[in-house]
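Derivation of every value follows stated rules applied to the coordinates shown; laboratory data play no part. Keep in mind that this is a model prediction, so the values were computed, not measured. Ideal geometry is used to build each Cβ from the backbone, glycine not excepted, and the neighbour counts take in all protein chains shown.
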Amino acid sequence: MLNILTQIIRILVGITFVFSGFVKLVDPIGSAYKFQDYFAENVLNLEFLLPYTLPLAVLLILAELMLGVMLLLGVAPKFTVWSLFALTLIFLFLTWYSAYFDKVTDCGCFGDAVTLTPWETFYKNVILIILIIYLIFRLFEIQSVLSPAFVNGMAVVILFICMWIIFHVLRHLPMIDFRPYAIGNSIVEGMAIPEGAPEAVYEDTWMYEVNGEVKEYTSEDKPWNIEGATFVDRKTKLISEGYVPPIHDFTMQKEGVDIAEDLLKEEKLLLVVMYNLDKSKKRGLKKVKEFTDKAMEKGYVVYGFSASTEEDFNKLKETYHWDFDLLFCDETTLKTIIRANPGIVELNKGTVIGKWNFRDFNEIKLR
């Protein structure tokens, strides 16, 4: 019975890590962005690590996926299980920190494929650490039914496949897009709030000075009706978040005015996404002119889409002789829309019908 239980736990833990690693494998830049969130000054204050977020993300992805594969194959059980224990212990601390201090609202443990709240992620890791501790005490029951040469060879082959996928994705775009801006999705529908959807519920705590003493009151107390009471402060606490649409931070601001409603009606709209012009690849920016000129000849409405300033954009516009204007959007939203800087997004009445990394501009076939 114990042996069967060990194999069941081994499979569950192995599949969990393989799945977690795979959904990040197809989008490693998303994991790098998550590292940036954790290393920020107001979170872990490890800003000296910010230049290394992508290599660290790649290492984490390969570690998660390969350790899961090794556990399933029964390769080096002692090393594998103890490594999983150490990795999960780190995750346990990070997710507790995120949940307790409300710092990173989504740890990204399953990429964009499955979104969990910080506390859900923490409890998931608690369960994982318990299962792994069990495996530590039953290491002698973790064995492969296949020959060592075969399983070792299979592990090496899987590692090389994973490395090729990461290389391909980093040069182009994610192979599988779990985000709300995936090809085929409608931005308009993604922003819509269904009729009857639950609304956010807040609780206010009012601080009023009464007879020289500051006291706290609820809204039901109506302290503003107390004779002689003087308002001091108000604290608002979120009780229930309510319905949040998949797309909720999307704007197309031109000169401070959001014109998204009008632009999302266009049948032929191209967005040159450059979330941060200072970080945009120069060889990519050089390709933009030729492509956008062809697009405008075919009747496309073309805009640059960035979180950078109008001044920075105009400098590059003059340098590269661009013939399109700038739309402003939040940097995090732009990073979510496309994992390229610069990249092209094609829309038809608000529906995403194409996305390309700047390396693939020559392969784009315009309508």
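Given a Förster distance of 35 angstrom, what is the FRET efficiency for ALA192 paired with TRP119, based on the Cβ-Cβ distance and rounded to 0.05?
On the way: r = 28 Å, r/R0 = 0.81.
After rounding, the FRET efficiency stands at 0.80.
How large, in Å, is segment 253-363 by the Kirkwood hydrodynamic radius built from its alpha-carbon pairs?
Working: mean 1/r = 0.0726 Å⁻¹.
By the Kirkwood definition, the hydrodynamic radius is 13.8 Å.
Calculate one ³J(HN,Hα) per residue across segment 26-37 by plugging θ = phi - 60° into the Karplus curve 6.51 cos²θ - 1.76 cosθ + 1.60, and present them in order as whole Hz with x for glycine and proline.
7, 8, x, 5, x, 5, 4, 4, 5, 4, 4, 4
May I ask you to compute the full-extension gain from VAL301 to ASP102, defined as 0.36 nm times their residue separation minus their alpha-carbon distance, rounded to one decimal in nm? If you can, show how the numbers build up before the last one.
Details: separation 199, 0.36 × 199 = 71.64 nm, distance 4.10 nm.
Length gained between VAL301 and ASP102: 67.5 nm.
Taking 0.36 nm per intervening residue step and subtracting the Cα-Cα distance, what contour gain separates GLU290 from LEU54 on full extension?
On the way: separation 236, 0.36 × 236 = 84.96 nm, distance 3.02 nm.
Between GLU290 and LEU54, full extension yields an extra 81.9 nm.
Going by average Cβ density within 10 Å per residue, which order do the peptides 222-228, 180-186 take, highest to lowest? Show your work: numbers first, answer last.
Numbers: 222-228: 10.9, 180-186: 15.6.
Highest mean packing first, the order is 180-186, 222-228.
Amide H of THR351 versus every other amide H placed in the peptide plane: which residues, excluding those fewer than 5 positions away on the same chain, fall under 5 Å?
HN-HN under 5 Å from THR351: ILE187.
Could you tell me the calculated FRET efficiency between LYS281 and ASN42, based on Cβ-Cβ distance and R0 = 22 angstrom, to the nearest 0.05?
Once the sixth-power term is evaluated, E becomes 0.15.
When ranked by the protection proxy of mean other Cβ atoms within 10 Å per residue, highest first, what sequence do the peptides 57-70, 244-257 form? Don't jump to the answer; show the numbers that get you there.
On the way: 57-70: 21.1, 244-257: 13.4.
Listed from highest to lowest mean packing, they are 57-70, 244-257.
Whose amide H sits under 5 Å from the amide H of LYS254, counting only residues 5 or more places off or on another chain, with H placed in the peptide plane?
ILE259, PHE328
Take every DSSP beta bridge with both residues inside the chain and express the antiparallel ones as a percent of the total, to the nearest 5.
Working: 30 of 39 bridges.
Antiparallel bridges make up about 75 percent of those DSSP assigns within the chain.
Please list 307-314, 288-295 highest first by mean number of surrounding beta-carbon atoms within 10 Å per residue.
Ranking the peptides 307-314, 288-295 by packing returns 288-295, 307-314.
Could you grab the relative contact order for the chain? Cα pairs under 8 Å, six or more apart, rounded to a whole percent. Can you show the working numbers first?
Values: 566 pairs, mean separation 55.8, N = 367.
It comes to 15 percent, rounded to a whole number.
Taking the Cα-to-Cβ direction at LYS78 and at HIS321 and moving 7 Å from each Cα, how far apart do the two end points lie in nm?
About 6.8 nm, to one decimal.
Over segment 156-274, what number does the Rg to Rh ratio reach, with both radii from the alpha-carbon atoms and Rh per Kirkwood? Mind dumping the intermediate values first?
Values: Rg = 24.9 Å, Rh = 20.1 Å.
Using only Cα positions, Rg/Rh for segment 156-274 is 1.24.
Please work out the C-alpha center-to-center distance from segment 19-46 to segment 69-129 and express it in whole Å.
Their Cα centres are 13 Å away from one another.
Students often forget the sequence filter, so: which lysines lie under 20 Å Cα-Cα from LYS281 once same-chain residues fewer than 8 apart are removed?
Qualifying lysines at Cα under 20 Å: LYS289, LYS315, LYS317, LYS335, LYS355.
For segment 201-240, evaluate the Debye formula with one uniform point scatterer on each Cα (no solvent term) and list log10 I(q)/I(0) at q = 0.13, 0.19 Å⁻¹, rounded to two decimals.
Per q value, in the given order, log10 I(q)/I(0) is -0.25, -0.50.
Could you work out Rg/(2.2 N^0.38 Å) for segment 72-171, with Rg from alpha carbons only?
For segment 72-171, the normalised Cα radius of gyration comes out at 1.31.
Go ahead and run the numbers for FRET between ILE4 and ILE158, Cβ-Cβ distance against an R0 of 25 Å, rounding to 0.05. Mind dumping the intermediate values first?
Working: r = 26 Å, r/R0 = 1.05.
With R0 = 25 Å, the Cβ-Cβ based efficiency is 0.45.
Answer rounded, prolate or oblate for segment 2-171, using the Cα gyration tensor with square roots of eigenvalues a ≥ b ≥ c: rounded when a/c is under 1.5, else prolate when a/b is larger than b/c, else oblate. Before the final figure, lay out each step's value.
Working: a/c = 2.32, a/b = 1.38, b/c = 1.69.
Cα axes put segment 2-171 in the oblate bin.
Across 10 Å bins from the origin, how do the percents of Cα pairs in the chain run, short distances first?
Spelled out bin by bin, the chain gives 5, 19, 24, 21, 17, 10, 4, 1, 0 percent.
Of LEU54, LEU238, VAL188, which is farthest along the charge dipole of the chain in the positive direction, counting Lys and Arg as +1 and Asp and Glu as -1 at C-beta?
Result: LEU54, furthest along the dipole toward the positive end.
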